[in-house]
1. What is the spin-label model distance, in nm, from Arg62 to Glu91 if the labels are put 7 Å beyond Cα along the C-beta direction?
2. For the stretch 98-167, state which GluC sites (Glu not before Pro) are in a DSSP loop and have at most 11 other beta carbons lying within 10 Å of their beta carbon.
3. Can you tell me which lysines have their Cα less than 26 Å from the Cα of Lys45? Leave out same-chain residues fewer than eight positions away.
Amino acid sequence: MPDDLADVYRTTYRALVRFVYRKVWDVERAEDLAQEAFARALVHKPENARGWLFVVAANMARDDARRWARERRHLTLLGAEPQDSTPAVDEALHAEGERSQVRAALEQLTPRDREVLLLWDSGLSYEEIAAQTGLARGAVGTTLARARRRLVDAYEAGKKGEHVARG
């Protein structure tokens with residue numbers, strides 16, 4: 001691995017996994033997709049490797065979600081939907097409930113708000129976020145603030161059983 005990509009790997013891998021996890025909601029799959037993004041970076045040798053990795057990983061996660069949705073529809077049609085009959089511990093149920101509420105709140109955001117929020121949470125700078133999303137650098141802060149507010153509103157509404165419209 002070239003030295004600069006090795007440095008990017010050391011400083012970016014965990015953030016990339018967190019970013020992808022929030023798209024696929026499966027740790028092992030997120031790690032696989034992050035590793036695949038780095039493997040592709042070895043082949044393509046992008047100039048801005050860090051930003052390139054997040055874009056490629058986001059695209060792979062989107063493709064993965066589409067593939068999963070197709071497979072799920074197919075399983076549903078076959079009537080072979082697996083049932084989880086293992087009773088869960090209260091803590092696991094609570095943690096899963098929290099994750100579900102956060103996931104539902106994230107899904108209520110506009111794609112742009114969600115993407116900016118997830119990129120920021122993954123440690124990208126405003127400049128890197130602007131480059132990846134096409135926003136003006138000055139608009140990143142405003143978009144991020146709006147996304148945070150909408151995420152909190154959607155999360156709180158979800159706890160009450162309400163729905164917050166996208167803005």
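1. 3.8
2. The qualifying sites are Glu162.
3. Cα-Cα hits under 26 Å: Lys23.
Every number here is computed from the coordinates shown, using simple stated rules; none is lab data. Remember, it's a predicted structure, so these values are computed and weren't measured experimentally. Ideal geometry is used to build each Cβ from the backbone, glycine not excepted, and the neighbour counts take in all protein chains shown.
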